[in-house]
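Please read the structure below before turning to the comments.
The values are calculated or read from the model by the stated rules, or taken from the named source; none is laboratory data. No experiment lies behind these values; they were computed from the predicted model shown. No Cβ is skipped: glycine too gets one built from the backbone with ideal geometry, and neighbour counts run over all protein chains shown. Surface accessibility is based on the protein's heavy atoms, side chains included, excluding ligands, DNA and RNA. Shrake-Rupley method; radii C 1.70, N 1.55, O 1.52, S 1.80 Å.
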Amino acid sequence: MSTALRVANCSGFYGDRLSALREQLEGGEVDVITGDYLAELTMLILGMDTLKDPGLGYARTFLTQLEDTLGTALERGVRIVANAGGLNPAGLAAKVRELAERLGVEVKVAHVEGDDLRATGRFDGALTANAYLGAFGIAAALREGADVVVTGRVTDASVVVGPAIAHHGWGHDDLDALAGAVVAGHVIECGTQATGGNFSGFRELARAGRLGAPLGFPIAEIAADGTSVITKHEGTGGAVTIDTVTAQLLYEIQTTRYLNPDVTTRLETIRLREVGDDRVEISGVQGLPPAERLKVAVNKLGGYRNQMEFVLTGLDVDAKADWLRLQLDDAFTAAEVTWTQTPARGGDADTEEGASVLLRCIAKDPQPGPVGKPFTGPAVELALASYPGFTMTGPPGKPSPFGVYTPEYVERSAVEHTVVHHDGRREVIADPTVFVEHTAPDELDPQLGVRPSPYPAPADSITRRMPLGTFVHARSGDKGGNANIGLWVKNDGSPKHAARVQWLAKLMKPRKVRELVPEARDLPVEVYLLPNLGAVNIVIEGLLGDGVAASTRFDPQAKGLGEWLRSRIVHVQEDLV
């Protein structure tokens, strides 16, 4: 049996810490370093880059990271796999070769392509249209000796699964092992979100002295059966605990089935266990055949947007807002204008800022003109002619384009998953031959894992009103226009843990979610149970409109939605506190 493969992450998004690749390389023993640079918004950004220069379309920061690490990685035999190729993996591969020549080192660079479907004519007006590819192309490139593999739009976990396939020799039918690697990849793909970043239990880490240094990036030790241990380099900041791992497991998922091009992962089979300091084992993961069709991320230019923020101070803030809107609404010509106002903080504030609220105005239009001077000019002209204390947080900006994200699906026959090996040979990667639709169609039922109603649990006893976050953690994010909120009971060793999990599952019915998140009152809400993680996963459909780039919501990626939910007051059974 092959030894465990140590796969490190050095990037969770385009713009992550540049020194992370070097930190992972020099901090201890690793076999492969991976980086995830792509998100729905990033593909839009890269698409905009190609409008300026068709030779771009890749994550340029990856080259910056490589510049002072490539030689060391080659000396140590550490391979590098990244999806930084974006819309132009061939162009990035060429740039890596140029960099190596400039550094005076020899490097074998392969790239994976075939995800870009813009030329197929299937998606009219698409700025980007990329199928999510699996991991077997990456594995083929590594087996053929590549030192560096760059890809286009593979799934985030695939940069981790690919090296595991190559190392352990898995095939398409090794479903449990593949599923285990997908879970490991999902945990480390977002970098320090697995080691204490964006973690609602950060104060516990601070009390333990774990936040004094920059958070360490995560590492997955993946065994031949797909079991893994999540860890980080010794001496780095943050922590790897059951709660930090659970936080990332619940990030941006939907149902209890996690679909990947190579395997369908049953999230309800995951088992977590602390096996040492900063070491959490993931085991028991079961896999099913993958779905027959591939998801495609489509971005189209939706138009142009602009915004202004007005400061309302002191008394009569609502009346001031009403007057300003009365003065401006008829002057605007944009197709869509949205106003939002932060709540007042109460009277007799001891600072001017504490006595102020923000009134935000966002305009959108298919053309840039109506959100330019015709939008900002009328507001500027009111500087001496409107409410008392008129001021803005900054000068009005210029129109900026925004995109609209849409998930689509295509047959696998429409996609040619291709590896261009380091020696120039091209290899088309074969698709799986067995799919979950044929073997177990019920496994793709969107109601699978949905919270039953009524929920079978004892009636509440004496309760007290307190924040939901008293013993519940949260992690939230976006999935297109949907918001995802994972809630789970803290793993603090309390003997009340099981009872708290049951209480959480009982409490979080869709009606309760709409009560706690009033803006979801007219939206579809689904609640999925993951008792193995002590968790519920909430999906609010349409909360983010047409996706992050087009959303006018205060928090367009729903990053703070979970923290808001934790702060809401609920009735908690007294014997659970």
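Of the residues making up the range 399-420, just one is touching a Leu at 6+ places or on another chain (Cβ under 7 Å), of a type outside the set (A, V, I, L, M) and assigned to a loop (DSSP other than H, G, I, E, B), namely H417. Has the range 453-468 got any residue that is open to solvent by 20 Å² or more (accessible area, probe 1.4 Å), in contact (Cβ under 8 Å) with a residue 12 or more places away in the chain and under 29 Å from the mean Cα position of the chain (by Cα)? Yes - at least one qualifying residue is present in the range 453-468.
Can you tell me which residue among T264, T227, T256, T244 is more than 26 Å from A483 (Cβ to Cβ) and of a type in the set (V, I, T)?
Values: T264 fails: more than 26 Å from A483 (Cβ to Cβ); T256 fails: more than 26 Å from A483 (Cβ to Cβ); T244 fails: more than 26 Å from A483 (Cβ to Cβ).
From the options T264, T227, T256, T244, the qualifying one is T227.
Of the residues making up the range 64-105, those that are open to solvent by 70 Å² or more (accessible area, probe 1.4 Å) and closer than 19 Å to G145 by Cβ are E75, R76, R79, R97, E101. If you filter the range 79-134 down to residues that are β-branched (V, I, T) and in contact with a Ser or Thr (Cβ under 7 Å, 6 or more places away or on another chain), you find that the one that is farthest from C10 (Cα to Cα) is V112.
Report whether or not V154 is open to solvent by less than 10 Å² (accessible area, probe 1.4 Å), over 18 Å from I80 (Cβ atoms) and either within 25 Å of the chain's Cα centre (by Cα) or of a type outside the set (G, A, S) (or both). No, not satisfied.
Being within 30 Å of G477 (Cβ to Cβ), in contact with a His (Cβ under 8 Å, 6 or more places away or on another chain) and not hydrophobic (A, V, I, L, M, F, W, C) is a condition met by at least one residue of the range 77-99. Scanning the range 281-331 for residues that are more than 30 Å from N532 (Cα to Cα), among the β-branched types (V, I, T) and open to solvent by less than 10 Å² (accessible area, probe 1.4 Å) turns up V296, V298.
Being of a type outside the set (A, V, I, L, M, F, W, C) and either free of Cβ contacts under 8 Å to residues at least 60 places away in the same chain or surrounded by fewer than 24 Cβ atoms within 10 Å (Cβ to Cβ) (or both) is the filter here, so list the residues in the range 157-179 that pass it.
H167, H168, G169, G171, H172, D173, D174, D176
Tally up the residues in the range 229-243 that are buried (at least 21 other Cβ atoms within 10 Å of the Cβ), touching a residue at least 60 places away in the same chain (Cβ under 8 Å) and closer than 22 Å to P163 by Cα, please. Total meeting the criteria: 1. If the condition is being open to solvent by less than 30 Å² (accessible area, probe 1.4 Å) and of a type in the set (D, E, K, R), then the range 189-205 contributes only E189.
Taking the range 393-410 as the range and being open to solvent by less than 40 Å² (accessible area, probe 1.4 Å) and of a type outside the set (G, A, S) as the test, the residues that pass are F402, V404, Y405, V410. Screening the range 215-320 for strands (runs of 3 or more DSSP E) wholly inside it with 2 or more residues that are of a type in the set (S, T, N, Q) returns the ranges 228-232, 264-266, 293-313.
Does the range 206-217 contain any residue that is in contact (Cβ under 8 Å) with a residue 40 or more places away in the chain, open to solvent by 10 Å² or more (accessible area, probe 1.4 Å) and out of contact with any Pro (no Cβ under 7 Å at 6 or more places or on another chain)? Checking the range 206-217: at least one residue is in contact (Cβ under 8 Å) with a residue 40 or more places away in the chain, open to solvent by 10 Å² or more (accessible area, probe 1.4 Å) and out of contact with any Pro (no Cβ under 7 Å at 6 or more places or on another chain). Of all residues in the range 334-373, those being crowded, with 16+ Cβ neighbours inside 10 Å, more than 21 Å from A549 (Cβ to Cβ) and touching a Ser or Thr at 6+ places or on another chain (Cβ under 7 Å) number 3.
Yes or no, residue by residue, for (1) at positive phi; (2) under 17 Å from the mean Cα position of the chain (by Cα); (3) at pLDDT below 95:
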| site | (1), (2), (3) |
| --- | --- |
| N491 | no, no, no |
| P524 | no, no, no |
| V527 | no, no, no |
| N537 | no, yes, no |
| G562 | no, yes, no |
| Q573 | no, no, yes |
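Which of the residues belonging to the range 320-345 are hydrophobic (A, V, I, L, M, F, W, C) and in contact (Cβ under 8 Å) with a residue 12 or more places away in the chain?
Passing the criteria: A321, W323, L324, L328, A331, F332, A334, A335, V337, W339, A344.
Tell me yes or no: at least one residue of the range 417-429 is out of contact with any Pro (no Cβ under 8 Å at 6 or more places or on another chain), open to solvent by less than 60 Å² (accessible area, probe 1.4 Å), polar (S, T, N, Q) and within 27 Å of L544 (Cα to Cα). Checked the range 417-429: no residue is out of contact with any Pro (no Cβ under 8 Å at 6 or more places or on another chain), open to solvent by less than 60 Å² (accessible area, probe 1.4 Å), polar (S, T, N, Q) and within 27 Å of L544 (Cα to Cα).
When each of F435, F402 is tested for being in contact with a Pro (Cβ under 6 Å, 6 or more places away or on another chain) and not β-branched (V, I, T), the lone residue that passes is F435. The set of residues in the range 106-143 being open to solvent by 10 Å² or more (accessible area, probe 1.4 Å), of a type outside the set (S, T, Y), within 28 Å of T264 (Cβ to Cβ) and in a loop (DSSP other than H, G, I, E, B) consists of G114, R122, F123. Of the residues making up the range 1-17, those that are open to solvent by 50 Å² or more (accessible area, probe 1.4 Å), among the polar types (S, T, N, Q) and touching a helix residue (DSSP H, G or I) at 6+ places or on another chain (Cβ under 6 Å) number 0. Within the range 186-228, being in contact with a Ser or Thr (Cβ under 7 Å, 6 or more places away or on another chain), closer than 18 Å to L533 by Cα and not aliphatic (A, V, I, L, M) holds for T195, G196, F199, T227. As a summary of the residue check, A208 satisfies the conditions (1) modelled with pLDDT of 95 or more; (2) out of contact with any strand residue (DSSP E or B) (no Cβ under 8 Å at 6 or more places or on another chain) except for the one numbered (1).
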